[in-house]
Amino acid sequence: MWNIFEYPFTGIAAAIVSMIAIWLFRILKPDKKHWWQMLVPAVIIVSSFAIAFFVQTDREKILGAVNKGIKAFEERKIEPIREIIADDYFDAVHSSKEYIIAYCQALFETAMIDRVTFISRKTEIENNQAVFTTEAFVKFAEESEIAKMGKPFLIVKARFYFKKTPDKSGL
């Protein structure tokens, strides 16, 4: 919670503390009172929101990549998925990036997704590697083959492994 790049509330807490300190200073030293002193907490609050908005942390980049993949599945577009999968991708079933892309393309025909809702998510970041674990509620579109088989939704647990690239994005 104390990461100012992710949570502007840390800045709000600092602004409250500074406002109390300035208020006490103005009471104890009335001859040093200036109109601009009360602007300091406002500047801290604006700065904390600006930092949280403009600086994208590793967690936000990872969640952005996951959301990009989910949106690509909902819209049935393969290019965004191709962008977020690393060139040297492999797993126990798919030996290359092209195989997982072909698998995703085949899923577009049977598993049309209506909506994905996160139940839980956990991100562990260490050096240039990250693990994103999530449980999600997946609702399939009514015209989906899976929905027609009597399974309109699934609860899915997934683990994604990310690595940081030279351009600081996560794949």
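The values are calculated or read from the model by the stated rules, or taken from the named source; none is laboratory data. It should be emphasised that the depicted structure is a prediction, and the values quoted were computed from it without experimental measurement. Note that we place each Cβ from the backbone using ideal geometry, even for glycine, and neighbour counts take in every protein chain shown.
Observations
- Members of the range 1-31 found to be among the polar types (S, T, N, Q) and either on the phi > 0 side of the Ramachandran plot or touching a Pro at 6+ places or on another chain (Cβ under 6 Å) (or both), listed by number: 18
- Checking each residue in the range 1-27 for being among the hydrophobic types (A, V, I, L, M, F, W, C), surrounded by 13 or more Cβ atoms within 10 Å (Cβ to Cβ) and over 10 Å from residue 41 (Cβ atoms) picks out 4, 5, 9, 13, 25.
- Residue satisfying all of: in the range 63-102; more than 20 Å from the chain's Cα centre (by Cα) and within 21 Å of residue 133 (Cβ to Cβ); surrounded by the most Cβ atoms within 10 Å (Cβ to Cβ) among these: 100
- Helices (runs of 4 or more DSSP H) (entirely within the range 61-171) containing at least 3 residues that are more than 29 Å from residue 6 (Cβ to Cβ): 97-110, 145-148
- Residue within the range 50-62 that is in contact with a helix residue (DSSP H, G or I) (Cβ under 7 Å, 6 or more places away or on another chain) and modelled with pLDDT under 90 present: no
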